[in-house]
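The values are calculated or read from the model by the stated rules, or taken from the named source; none is laboratory data. Nothing here was measured: the structure is a model prediction, and the numbers come from that model. Cβ coordinates were reconstructed from backbone atoms using ideal geometry, including for glycine residues, and neighbour counts include every protein chain displayed.
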Amino acid sequence: MVNVLILAELFGAKASVGMIVPMLIVCDFTVYPLFRRYSSWKELWPLLPSTFAGLIAGYFLLDYIAESTARQGIGAIILLMLALQLGRLQLGQALGRLTHSLGFRWTSGFLIGSSTIMANAAGPVFSIYALVEKMAKETFLGVGARCFLLLNIIKLPMVANLDLINAQSLRVNLLVLPALFAGIFIGRKVIRIIPQKGFEILLYIFSAMAGIRLLFF
């Protein structure tokens, strides 16, 4: 989530989409074998139809809406989902029925698809979905690795067709590859020692940071 915010700040929201997609694919292919045993594709299938619908909608919107509008819209959605999850924890069954409904799942999938193509902001949306579903940290990484591996491979030609991947972006990708692999190695070590509750708190914090940054700055 933090890397998306940094790249969006340095290169702009739209340009950062093309900048980060190749790096995400490298990351996904590296992370997937490490965490695939903690989940299965079966856990992802219910989310995919609406996710693909959101991906297609976001692709057509990306070329027509202003960059600032895309950032603010996604930021507002992230904060709304975060508020729903926090409200569910406080109000119990009332919001619990809403967040565990088919409509919430379809809405989450659509937002994951549209936000990943428009601003690489699907991470916070997926994090909130995982919190609602009470995924263990290993399951979160296993399902997330499958979800984003599939989405980023599909997204690559779509982003390239919008001329967001170019020689400059690929040079940046090559420069940051060592840091990317170092981050994966360190992250794998850290995830083993972070308790589940601490992991969930970090998801809340990073989701809130991403939403506020996209909406207000």
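Annotations
- Among residues that are modelled with pLDDT under 85, of a type outside the set (S, T, N, Q) and out of contact with any Gly (no Cβ under 7 Å at 6 or more places or on another chain), Leu156 is not included.
- When residues of the stretch 38-65 are limited to those that are β-branched (Val, Ile, Thr) and assigned to a helix (DSSP H, G or I), the one surrounded by the most Cβ atoms within 10 Å (Cβ to Cβ): Thr51
- Within the stretch 121-142, the residues that satisfy the criterion of being part of a loop (DSSP other than H, G, I, E, B) and more than 22 Å from Arg213 (Cα to Cα) are Glu133, Lys134, Met135, Ala136.
- Looking only at the stretch 151-201, residues that are in contact (Cβ under 8 Å) with a residue 12 or more places away in the chain and either buried (at least 17 other Cβ atoms within 10 Å of the Cβ) or assigned to a helix (DSSP H, G or I) (or both) come to 25 in all.
- Residue in the stretch 77-88 that is closer than 17 Å to Lys155 by Cα, of a type in the set (A, V, I, L, M, F, W, C), at pLDDT 75 or above and surrounded by fewer than 20 Cβ atoms within 10 Å (Cβ to Cβ) present: no
- So Met118, is it part of a helix (DSSP H, G or I), under 23 Å from Leu79 (Cβ atoms) and in contact (Cβ under 8 Å) with a residue 40 or more places away in the chain: yes
- One residue stands out in the stretch 202-217 among those that are within 14 Å of the chain's Cα centre (by Cα) and more than 15 Å from Ile74 (Cβ to Cβ): the one that is surrounded by the most Cβ atoms within 10 Å (Cβ to Cβ), namely Leu203.
- Test: Ala145 is at pLDDT 85 or above, in a helix (DSSP H, G or I) and in contact with a Phe, Trp or Tyr (Cβ under 6 Å, 6 or more places away or on another chain): yes
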